[in-house]
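A.B. asks: Okay, handing you the structure first.
The values are calculated or read from the model by the stated rules, or taken from the named source; none is laboratory data. Everything numeric in this text was worked out from a predicted model, so none of it was measured. For accessibility, only protein heavy atoms count, side chains too; no ligands or nucleic acids. Shrake-Rupley method; radii C 1.70, N 1.55, O 1.52, S 1.80 Å.
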Amino acid sequence: MGAPNPDTVSTKLHRIATLARQIVGAPLRTLAHHIDMDFLREAYRRTRKDGAVGVDHQTADEYAVDLEGNLHTLRDRVQSGRYRAPAVRRVHIPKGTGRKETRPIGIPTFEDKVLQRAVSMVLEAVYEQAFLACSYGFRPGRSAHQALEDLWKGSMAMQGGWVLELDLHRFFDTLDHGQLRAVLRQRVQDGVLLRLIGKNIFLHTVLDVWFEQVVRPRLRGRAMLLRYADDAVLVFACEEDARRVWSVLPRRLARYGLTLHPEKTRLVPFRRPGRGLDQPGTFDFLGFTHHWARSRQGQWVIKRKTARDRFNRAVKAGTAWCRLNRHAPLRHQQEMLARKLQGHFAYYGITGNSPAIARFRFVVVGAWCKWLRRRSWKSRLTWDRFKALLARYPLPPARAIHSRYRLVANP
């Protein structure tokens, strides 16, 4: 089996990025030929192997039995334009809103996942040259925590202000793929590649570029936009600016077939407390509720805590796991719960959120004890015995993993 050659792929991606920088604003017409065997091998290497199967029920292991032959066939179909994406398997998962709402997700075949990865590598090289600093989602070297940190620093520097919390109503369900392709054709006119594209570079044009080029020059005060995929907030120093943008934003989105969620999109007064101002509100972004509070030094600072809906969703999932796996060997239960806790701490373990992650651990430990007691009606698992069990099968402590942010002094 041929091994992927990261150096060759890296060279190709660098060449595409250089071309994109040199031909600013003009469409690129010949990109699909870059998706050769080395490219597909690297895409295969980057594709998750433990994901759910698609409509063909083929697993990653089954695809790997004749990997070179499968990738050769895939390459030939892609470069000749004969490839047609198979149907996706639709499943519905709970939204975690507390209501009986579900979110449909599509599960592609494994081969289609490999090709999607290859296409995304090409598009990333093209669009990374054009993406603005306000965009953080699924970009190399950028993360949700960086978006949260930049939001914190910018909001502190502005002493809060007015926050427009955006929620695009059923964005991925209602995305107009005709509009999407029209946006993509402004930069990519490779017919083979366009037929393969099914994901989103949409909001770069719809929101980011519009805000920077059209909105910002017309504002009276400072403002910033931060976006991670379809999750976005805008912060304004001036209330008048915030209300003007809020009034025109629905018309801007409607041009591209998008709508704002009527209940979840709101304008939040978020000025720093004091000086006779009303008590500021709170807003959510990337799973955290942002609020004003006193620091240990007595200064007003913006703090973040796990958003209530995210906390409840995580607790529900952890409790359900304990119930369904209560008869599994204790070592297996301990290892899996440790992974779940570490994953939760890895995201929500930021400075100032220690009480929330400690409470999450406490609830999960309590759920583990509850369902171990119900392994059998003969169970005599007292709290003291459970504490001894925890000493033998320890779970990781709640710990803020991400470094402390630098406080901005009050002016």
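A.B. asks: With an 8 Å Cα cut-off and a minimum separation of 6 or more residues, compute the relative contact order for region 230-300 in percent.
C.D. replies: Answer for region 230-300 is 21 percent.
A.B. asks: With respect to the cross-link table entries LYS316/LYS387; LYS316/LYS370; LYS49/LYS370, which display a Cα-Cα separation exceeding 25 Å?
C.D. replies: LYS49/LYS370
A.B. asks: Tabulate in residue order the Karplus-calculated ³J(HN,Hα) for region 367-375, using 6.51 cos²θ - 1.76 cosθ + 1.60 with θ = phi - 60°, rounded to whole Hz; enter x for Gly and Pro.
C.D. replies: Rounded to whole hertz, the list is 5, 4, 4, 4, 7, 5, 5, 9, 4.
A.B. asks: Next question. Bins of 5 Å, beginning at zero and ending with the bin holding the largest distance: percent of Cα pairs per bin for region 261-411, please.
C.D. replies: All Cα pairs considered, the percentages come to 2, 8, 15, 17, 14, 12, 10, 8, 6, 5, 2, 1, 0.
A.B. asks: Heavy-atom accessible area per residue, region 318-374, 1.4 Å probe: how many Å²?
C.D. replies: With all protein chains present, region 318-374 gives 48 Å² per residue.
A.B. asks: So, one more: Counting only the heavy atoms of the protein chains, how much of THR47 is accessible to a 1.4 Å probe, in Å² to the nearest 10?
C.D. replies: Using a 1.4 Å probe on the heavy atoms, I get roughly 10 Å².
A.B. asks: Could you give me the radius of gyration and the Dmax of region 224-272, taking only the C-alpha atoms into account and expressing both in angstrom?
C.D. replies: 11.4, 36
A.B. asks: Another question about this same structure. Using a 1.4 angstrom probe on the protein heavy atoms only, could you order ILE357, ILE201, ILE401 from most to least accessible area?
C.D. replies: Highest to lowest solvent-accessible surface, that is ILE401, ILE201, ILE357.
A.B. asks: Keeping all protein chains in position, work out how much accessible area ARG218 exposes to a 1.4 Å probe, and write it in Å² to the nearest 10.
C.D. replies: Number for this one is 150 Å².
A.B. asks: Still on this structure: For region 238-334, take every pair of Cα atoms, bin their distances at 5 Å starting from 0, and report each bin as a whole percent.
C.D. replies: Reading the bins upward from 0: 2, 10, 12, 14, 13, 13, 10, 8, 7, 5, 3, 2, 0.
A.B. asks: Order ARG139, ARG266, ARG29, ARG75, most accessible first, counting only protein heavy atoms with a 1.4 angstrom probe.
C.D. replies: ARG29, ARG266, ARG75, ARG139
A.B. asks: Which order do you get for ASP38, ASP50 if you rank them by accessible area with a 1.4 Å probe, largest at the top?
C.D. replies: Solvent-accessible surface, decreasing: ASP50, ASP38.
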